[in-house]
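The values are calculated or read from the model by the stated rules, or taken from the named source; none is laboratory data. The shown structure was predicted, so the numbers you read here are calculated from the model rather than taken from an experiment. Remember, those area values only see protein heavy atoms, side chains included, never the ligands or the DNA or RNA. Shrake-Rupley method; radii C 1.70, N 1.55, O 1.52, S 1.80 Å.
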Amino acid sequence: ISQTIRRRNKECEAMEKSGYNPLWSIYLYMVEAIKDRKPFDECMLFYAWYYATHDDDLDTKDNPLASKLWTTMMDVYEEILANTDDKQGWRWLKDHFVSSFIWYLPHPDDMRQDN
């Protein structure tokens with residue numbers, strides 16, 4: 001897991017340095033994909049979370065738990081948990097949300113203390 005996280009971080013850093021930073025587009029896409037419960041690869045959520053926690057242009061960088069990404073994630077999560085009959089929602093949650101490597105990252109407060 002730690003090797004995958006390191007590799008994903010390096011990928012994000014390379015995207016930032018490329019002159020064309022697609023992370024903002026990925027971030028926006030992921031907010032919509034989560035809201036609409038669309039399928040996505042786990043690396044897309046990782047890239048979006050990286051943007052939420054690292055990009056200086058995002059006004060919630062210092063508090064990513066207030067970001068549109070996080071609040072959308074929690075709204076959809078709570079919506080699915082509140083409806084035990086929503087089998088498709090539960091499957092989507094398991095397949096696309098819970099399996100993400102972002103849950104293995106340090107809490108954003110801990111990340112700030114390290115910098």
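A 1.4 Å probe run over the protein chains yields, for the chain, 62 Å² of accessible area per residue, whole-number rounding. Across I1, I80, the residue with the most accessible area heads the list, and the full order at a 1.4 Å probe is I1, I80.
For the chain, the longest principal axis of the Cα atoms and the long axis of helix 2-17 meet at an angle of about 60 degrees.
Of the accessible area of the chain, computed with a 1.4 Å probe over protein heavy atoms only, carbon and sulfur atoms account for 50 percent. Bridging of K10 to lysines at a Cα separation below 28 Å is possible for K35, K38, K61, K68, K94, once same-chain residues fewer than 8 apart are set aside. Against the empirical 2.2 N^0.38 Å (N residues), the chain has a Cα radius of gyration ratio of 1.07. Here the Karplus curve 6.51 cos²θ - 1.76 cosθ + 1.60, taken at θ = phi - 60°, turns the phi angles of the stretch 36-51 into couplings of 8, 6, 7, x, 7, 6, 4, 5, 5, 5, 4, 4, 5, 5, 4, 4 Hz, with x standing for Gly and Pro.
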